[in-house]
């Protein structure tokens, strides 16, 4: 590999730059200008299913978390609560002590979306949207060699700043989770 990028086609997904904090957008613009000077061709592309990515991701992600973490009950896996007198107490205490608030939130939501009567309405629809997101990327990569995207819609927040606002933290994932859903490196 020579590091020569001349002739490389770079895509800028238009959906990723709407509502972007100016500081973040300005830094990306400088990077794109540098690549253009090195001989890259820059082209706007579209990833229209991006608008559903957050909802899709958090349905699929929480369903997988719920399913995978069900085994962590203190019997074979993970720590076991010492304050248990009965088997029911051991399950309840182990999960209560062993999982943090965010983990519990994801397990509860995942259990809900996988439950009878909700599986089709949420999980299957999210899997269909995941397919649309993947198709968007396949189409874009039919036109360009690589994409340049922001990582977050705003500059990094201070450590612990958004702990009381999980929704704001979830929304900050918009530009990284689409690649995960499409099964591509990002």
Among 50, 24, 62, the single one that is under 22 Å from the mean Cα position of the chain (by Cα), at pLDDT below 95 and closer than 16 Å to residue 132 by Cα is 50
Given (1) more than 22 Å from residue 175 (Cα to Cα); (2) at pLDDT 90 or above; (3) loosely packed, with under 12 Cβ neighbours inside 10 Å, residue 76 misses just (2)
Checked pairs for segment 172-186, first in contact (Cβ under 8 Å) with a residue 40 or more places away in the chain, second not in a helix (DSSP H, G or I), C-beta under 6 Å and 6 or more apart or across chains, list as 175/149; 175/150; 175/151; 179/186
Listed by range, helices (runs of 4 or more DSSP H) wholly within segment 68-186 having at least 3 residues that are over 21 Å from residue 51 (Cα atoms) are 87-98, 101-114
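Yes or no, residue by residue, for (1) touching a helix residue (DSSP H, G or I) at 6+ places or on another chain (Cβ under 6 Å); (2) in contact (Cβ under 8 Å) with a residue 40 or more places away in the chain:
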residue	(1), (2)
4	no, no
17	no, yes
21	no, yes
50	yes, yes
57	yes, yes
61	no, yes
64	no, yes
Checked segment 6-47 for anything assigned to a loop (DSSP other than H, G, I, E, B) and surrounded by 14 or more Cβ atoms within 10 Å (Cβ to Cβ); matches are 8, 17, 20, 40, 46, 47
ask   = Does segment 132-147 include one or more residues that are farther than 18 Å from residue 15 by Cβ, out of contact with any helix residue (DSSP H, G or I) (no Cβ under 8 Å at 6 or more places or on another chain) and at pLDDT 95 or above?
value = yes
Of the residues in segment 128-171, those that are in contact (Cβ under 8 Å) with a residue 24 or more places away in the chain, closer than 23 Å to residue 36 by Cβ and either loosely packed, with under 13 Cβ neighbours inside 10 Å or touching a strand residue (DSSP E or B) at 6+ places or on another chain (Cβ under 7 Å) (or both) come to 140, 143, 144, 145, 146, 147, 148, 149
Item to check | Yes/no for residue 98 being under 25 Å from residue 10 (Cα atoms), without any contact (Cβ under 8 Å) to a residue 40 or more places away in the chain and out of contact with any helix residue (DSSP H, G or I) (no Cβ under 8 Å at 6 or more places or on another chain) | outcome: no
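The values are calculated or read from the model by the stated rules, or taken from the named source; none is laboratory data. Just so it is clear, the model here is predicted, and its values are computed rather than measured. When we count neighbours, we look across all protein chains shown, and the Cβ atoms used for this are built from the backbone with ideal geometry, even at glycine.
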